[in-house]
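The values are calculated or read from the model by the stated rules, or taken from the named source; none is laboratory data. Just so you know, these numbers come straight off a predicted model, no measurement behind them. Cβ sites come from the backbone with ideal geometry, for glycine too, and all protein chains shown count toward neighbours. For the accessible areas, the whole protein counts, side chains as well, though only heavy atoms, and no ligand, DNA or RNA atoms are used. Shrake-Rupley method; radii C 1.70, N 1.55, O 1.52, S 1.80 Å.
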There are 4 protein chains.
Amino acid sequence: MNFASDNGAGVAPAILEAIVASSRVNAPAYGADAYTARAETLLSEVFEKQVTTFLVSTGTAANALALSALARPWEAIFCHEESHINDDECGAPELFAAGAKLVGISGLAGKMTAEAFAETLARYPRGLVKASQPGALSLSQGTEAGTLYTPEEIATLASLAHEAAIGVHMDGARFANAIVRLKATPADMTWRAGVDVLSFGATKNGALACEAVVFFDADKAGQFAFQRKRGGHTLSKGRFLGAQMVGYLTDGLWLDNARRANWREAGAKFHDWPTRALASELAPGPEETVLRLVTSFETSQDEIDALIAIAQRA
Amino acid sequence: MNFASDNGAGVAPAILEAIVASSRVNAPAYGADAYTARAETLLSEVFEKQVTTFLVSTGTAANALALSALARPWEAIFCHEESHINDDECGAPELFAAGAKLVGISGLAGKMTAEAFAETLARYPRGLVKASQPGALSLSQGTEAGTLYTPEEIATLASLAHEAAIGVHMDGARFANAIVRLKATPADMTWRAGVDVLSFGATKNGALACEAVVFFDADKAGQFAFQRKRGGHTLSKGRFLGAQMVGYLTDGLWLDNARRANWREAGAKFHDWPTRALASELAPGPEETVLRLVTSFETSQDEIDALIAIAQRA
Amino acid sequence: MNFASDNGAGVAPAILEAIVASSRVNAPAYGADAYTARAETLLSEVFEKQVTTFLVSTGTAANALALSALARPWEAIFCHEESHINDDECGAPELFAAGAKLVGISGLAGKMTAEAFAETLARYPRGLVKASQPGALSLSQGTEAGTLYTPEEIATLASLAHEAAIGVHMDGARFANAIVRLKATPADMTWRAGVDVLSFGATKNGALACEAVVFFDADKAGQFAFQRKRGGHTLSKGRFLGAQMVGYLTDGLWLDNARRANWREAGAKFHDWPTRALASELAPGPEETVLRLVTSFETSQDEIDALIAIAQRA
Amino acid sequence: MNFASDNGAGVAPAILEAIVASSRVNAPAYGADAYTARAETLLSEVFEKQVTTFLVSTGTAANALALSALARPWEAIFCHEESHINDDECGAPELFAAGAKLVGISGLAGKMTAEAFAETLARYPRGLVKASQPGALSLSQGTEAGTLYTPEEIATLASLAHEAAIGVHMDGARFANAIVRLKATPADMTWRAGVDVLSFGATKNGALACEAVVFFDADKAGQFAFQRKRGGHTLSKGRFLGAQMVGYLTDGLWLDNARRANWREAGAKFHDWPTRALASELAPGPEETVLRLVTSFETSQDEIDALIAIAQRA
C-alpha cells in the first residue's frame, strides 16, 4: 500500500504487451516507424485536430524541450512559483532554453490568478532592454497541489499571454487525471483555450517511460527535431515510445487508468498538497499534519479501503 | 535483411523478459531500486573494480553527460573529427558541456594517432587565456569506421591526456563488439589503460534503450546525479533501465549478442566505412562504391549467406 | 538638472586625465600592464588584504562573471527579488552561469532578512536531486531601494551561506556611496563579514567604464581569466581599465565623489525607491507619488537647492 | 620599437580628444545619445547604405554577439580553422551562440576556398537531424595570416552560404587595413558581396576600446539589443563608444591610421604569419624562421627603417 508517489508503479499490462509486440519487427530508427506515426494519429483524434508530436522518455525532457521551443535565451518563462518546472527539475528548463529566466508567480493551492499574471507581465515590458523579455507562460494541469484550472481560467491566462505575444505551454504530466476530474474535452482544455504546446504525460499513468510533446500549431515545432536530438532525447529504437503511446491511447486505457487513480473524488478529504501558500481555511491547525496521498492506476480499492479504515481509527 | 543500421532491431528476448518481470513489483523511483543497484554490481564485476554508474536511455545522452563531467565550458574536448560526438549528435556535447569546444583531430580509418593528439594538445597550452583550455580526450571504441584501438594505443593516448591534466572518455556505444573482436578484457580496454569515464552501450546490442555512464573513479562522478536530472535523463521508473542492464549482463548475453553481430571476422571483406580519410590502399577506385554494412545481434546466418551470394553474383 | 539616473554623468576629470596619460606609453596588452597591477595594489590597500582583481567595463559583466565563479549550472543563486542581477540584467547571470537559477527572495526596501534567506535555503536541500542545488548568495550594497545592510546583517547572512557551503557575492555597483553612508571600512563591509567576491563599481561614481571583480580568496579566482575572456570582457588595451581604477582610488577621489552624491543624508527625505514591497509606513497615500531621485558625483549644490525649492513650492 | 602586437599602442589623439569632449555633457545612457547616433550615420555613409549598428568594447564581443544573431544553438558556424573566432576567443562564440558548433575549414594562408567550403557544407545537410544544421559562415578580412579575400572571392563564398540559407559574418577586426590594401570600397567588400553582419574594428587601429557590429539588414538585428545587454556589453555611458567611433571615422582618420600601419606594401617581405598551412612556396626552409611583425597606426617610419636596417645586417 504505497500512497507516497505514483512513480513506484510498474507498467500497465496493455502497454507492456504493446512493447513486446513491437519488438518482433524490424522498424526504422529514430521515430520514423509506424508505431510513432500511429501515436500521432491517435493524439490527433484525442485533440480533434491534426497535431505535431514528439515522444520523449521523461516529463522533465518534455517540459524543458517544449519551453525551449517557445522562449529565447534572453526571455522570461512565467510559471507558478511551486510548479514542477521551477522547483523539481534541477534547472532543466534553464539548460534547454539556454538560460531563459523562470519567473515564479505566487498563488493559492498551486494556481496563478489572471491578476497575478497580468501584474507580473507588467514588470517585463517588451522592448525594455534591461529586463528579460516576455517569453512563455507555463501552466500545470493539474498543479503540484492537486488543483485544476477550468478551461475558462486557462483561456483567460492564455489570452493575456497572447496579448503579450508569447506562447502558452501546459505541463500535463497528469493530464489524464485532469481530464477525468474536469469532465472537459482534451481540446477544450488545451488549444481551444489557447494552449500552444502540451507536455502530455503517460508515465505516471501506466507507461514505462513515455511523454508526448504536442504542438497544436506545426509552425512552432519547426526546429524541435533538432532540439530533441541535441538533448539526447531521440531514441534510436523510437518504435518503443510509439508503441507505449499507442497502447496508452487505445481502448480508452489512459482514461480508465486515470479514473482508478482519481478515487479521491469519491469522498476522501485529506489529500491536498502541503503548499507554502495554502488558503488559510485549508491550512493545518497546531495539532494537524497535512498529508499528500498519491494514487496511481495500480492502486486497488482494497488499498483505499484499508487506508480509510486506518484514518477512521485514528 | 537489413544491413543499413543496427537501430532497426528489436529487443533481445532475455532483456524483454527482464523488463516484464521488473514491472510486477512496486519499486523506488529515480534509480533507487534493486535492479539499478544490481546493474552496478554486475558492471563492477565486468570491470573487475568497484565502479560508479548512471543509466540513461540514449548513447548521445551518455556521451554528452559524461563529457560534461570532465570538461568545463571554456575547455576543449579532443576527439576524432569523424567521431559520433562530433558529427552525429547535433551538438549535444556542446549543450551539456555549456559550450565547450569539440576539437576534431584527423586520422585514418576513424582513429587518431598519438602524434596527432600530441600536436593538437600543443596548440592548446594550459594557461594561455585566449585559447580554449585542455578539457578532455574522447576516444571511440570501436570507431565510426569499424576500427579499434588496442589497449596499448589507448594507454599511450590516455597517458598524453593525463600529462595534460585532462580526463579520458571512451564512447563505447559498441563496446561489446570491441571486446569480442579485440579479445581484451573490459578492464584492460578501459581503466587499466587510463580511461576515466565510459559510455557503455547496450541499445545497439539488444537492449530497448539503455546505456551506462561508468565512472572508474567515484570522485569524478560527484555532480553527475544533478547533471543527469537537469538533462531530463533521470527516468522516474528507473528500474526499467536497471532491469535492461541486468538482463544484458546476465549469462553473457552481451558477449553472445556481440559475437553474432561480428560475423565479419569470419571472412567478409567488403564492409568498411566510407570515411573521408580512408587509408589510400582502402580507398575505392573509380568504378567502385564503398558500402557500410551493419549487423546486429538479430542478424541471422541466412541473411549473411544471402548477402554473400548476392555479392558473388555481382 | 538630472536626477533620473547616475549614468548620464561624464567622467571625473582626474580619471579622464589618468586615461589620457596612460595612452602615451606602449603597454602590454590584456591587463598585463603596470596600471592594472597598480590598481590591484590600491584595491588591496583599500581592503587591508591582498586581493585578486579583474577589471571589466560594465557592472552587469562584473556581477554575472563573479556569479559564474561561484555557482555551477545546476545550482541556485539566492538574491533579493528586486535586485539588479534579477531584474535589470536581461538574464546575464543565467548566461554566464550557464543556466543557474536565480531565486528571488522578497523583503522590505530591497533587503532580505536572515529569516527569509534561511527559509529559502531550506527549500533547496543539498543532495536532493530534483532541486537546484545551493550555489551562491548575492547581496546588493546598497540595494535597488537605496537601503544598506549593516556589517552585522551581512555577517549573519554570509554565515548562513557558508553553513550551506556556498559562496557570497556582493553587488557593489554603488559601493563607495555605501561606505560613505555606513561609516564602515571596506574590509568590515566585505571579507570580514564573509563576502567572498565583490563587484566593486566605479562607473556610476565617476569612471568612464570600469568595475573591479575583487576576490578575497585567490583560490576562488582560479578560472576567472578564462571566464572573462570567454565573455568578451578582456580588453586588449587593458591599461585603460587599470588607469581608470588607479585614478578613481588615488587621493580619495572615490570617497569624495560618493560624499557629493550622498547629499541626501543632509536632510532630503523624499527620495526612497518605489519598490513593490515598501514598508507600510513608507508607502505613498492615495494622492501621493513616490519619486526616485538619483544624484551623482557631478550633481551640484545649486541643482539640489533648486530641486528643494521646487518641491517646497509644490 | 614593438612589432609583436598592435594591442600595445595607445589611443589616437583625435579619438582621445573626442572622448574628453564628450565627457563634458550630460548624455542619455545605454547608447541613446547623440554620439552613438552620429556614429551610425557615419557608418552608413562609409557603407553607402543605411546600416543598423551596435557598439561594444572588444572584438571578441563583436564577433561572438554577431554570430549569436545568425546561428541557433544546434547549428554550425563555418570558419577557417585558424580564424580568431576558432582559435583565440576562448570559446566566446560557443558561449554567446549557446553551444553552436564551430566547424574549422583548412586552407592555405588563413583563407578558405569555395571548394573547401562547399565540401564542408555538403557534410551538414539541412534536415538531417543527427548533424548540426548549417548556421552561419564567418570570414576574416584580413585573415590571421595577413592575407585578404578579394570582393569576388567573398561574393562566391557568400553566395554558397546564401544558397544554403545561412547568413554571412565578416570579422573585420582589421577592416581598415584591408580596405587600404585592397583598394575596394567598404560596400564592395561587404554587403555588395553578400556579407550580412560585420564586426568593424577600431581598437587595433587607434581607438581605446570600440568595435561596431554592423547589420546590413535591420531585420537580422531584431534581438540584438537584448543579446548585447545580456552579454554585459551595453555600456551605461555609451556615449564614450559613440565618441570613439565618431572620432575614428571623422576626417578619414581610420584610413590614415591603416595606411601608416600598412607600410608592408612598400617592400618589406618578411612578415607573413607562421600558419600551420602556409603555401609551400612560402614555408620556411630548414635554416629559416618565420616572424610575425605587426605594425599599428603608431608605428613610425623610423622604427620601420631601424627594423629593416637590422634585418639587412642579419
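Of note:
- Which numbered condition B:Q227 misses (of (1) under 22 Å from A:R24 (Cα atoms); (2) not in a loop (DSSP other than H, G, I, E, B)): (1)
- Residue in region B:203-217 that is in contact with a Ser or Thr (Cβ under 6 Å, 6 or more places away or on another chain), of a type in the set (K, R) and modelled with pLDDT of 95 or more present: no
- Residue in region C:38-51 that is touching a Gly at 6+ places or on another chain (Cβ under 8 Å) and closer than 27 Å to B:K130 by Cα present: yes
- Subset tally (residues that are within 18 Å of A:I77 (Cβ to Cβ), over 13 Å from the mean Cα position of the chain (by Cα) and either open to solvent by 10 Å² or more (accessible area, probe 1.4 Å) or among the β-branched types (V, I, T) (or both)) for region C:52-85: 4
- Selection status of B:L95, modelled with pLDDT of 95 or more and closer than 21 Å to A:F96 by Cβ: yes
- All positions within region C:82-113 that are at the interface with another protein chain (Cβ under 9 Å from one of its Cβ atoms) and assigned to a strand (DSSP E or B): C:K101, C:L102, C:V103, C:G104
- Only listed residue being surrounded by fewer than 21 Cβ atoms within 10 Å (Cβ to Cβ), more than 28 Å from A:A71 (Cβ to Cβ) and modelled with pLDDT of 95 or more, chosen from C:T120, C:T41, C:T36: C:T41
- Residue within region D:163-176 that is open to solvent by less than 10 Å² (accessible area, probe 1.4 Å) and part of a helix (DSSP H, G or I) present: yes
- Verdict on C:K49 being at pLDDT 95 or above, basic (K, R) and buried (at least 24 other Cβ atoms within 10 Å of the Cβ): no
- Any chance C:D188 is within 20 Å of C:R259 (Cβ to Cβ) and among the charged types (D, E, K, R): yes
- Residues of region D:23-79 that turn out to be more than 14 Å from chain C (Cβ to nearest Cβ), assigned to a strand (DSSP E or B) and not polar (S, T, N, Q), as a count: 5
- Any hit, region B:99-111, residues being surrounded by fewer than 22 Cβ atoms within 10 Å (Cβ to Cβ), in contact with a helix residue (DSSP H, G or I) (Cβ under 8 Å, 6 or more places away or on another chain) and either closer than 30 Å to C:L235 by Cβ or without any contact (Cβ under 8 Å) to a residue 24 or more places away in the chain (or both): no
- Of the criteria (1) within 14 Å of chain C (Cβ to nearest Cβ); (2) at pLDDT 95 or above; (3) part of a loop (DSSP other than H, G, I, E, B); (4) surrounded by 20 or more Cβ atoms within 10 Å (Cβ to Cβ), which one A:E144 fails: (2)
- Among residues of region A:9-22, those that are free of Cβ contacts under 8 Å to residues at least 60 places away in the same chain and facing another protein chain (nearest Cβ under 7 Å), counted: 1
- D:A12 small (G, A, S) and buried (at least 22 other Cβ atoms within 10 Å of the Cβ): yes
- Among residues of region A:54-65, those that are more than 19 Å from A:A18 (Cα to Cα) and out of contact with any Ser or Thr (no Cβ under 8 Å at 6 or more places or on another chain), counted: 3
- Restricting the first member to region A:119-135 and to residues that are under 21 Å from D:Q227 (Cβ atoms), and the second to residues that are small (G, A, S) and part of a helix (DSSP H, G or I), the beta-carbon pairs closer than 9 Å and six or more apart or on different chains are A:G127/D:A225; A:V129/D:A225; A:P134/A:A161.
- B:L249 vs. criteria more than 14 Å from chain A (Cβ to nearest Cβ), modelled with pLDDT of 95 or more and open to solvent by 10 Å² or more (accessible area, probe 1.4 Å): yes
- Residue check, D:G99 under 25 Å from A:Q227 (Cα atoms) and of a type outside the set (A, V, I, L, M): yes
- Condition met for C:A207 (within 14 Å of another protein chain (Cβ to nearest Cβ), of a type outside the set (K, R), part of a loop (DSSP other than H, G, I, E, B) and surrounded by fewer than 19 Cβ atoms within 10 Å (Cβ to Cβ)): no
- Selection from region D:220-238 of residues that are more than 10 Å from D:L55 (Cα to Cα) and within 10 Å of chain C (Cβ to nearest Cβ): D:A225, D:F226, D:Q227, D:K229, D:R230, D:G231, D:G232, D:S236, D:K237
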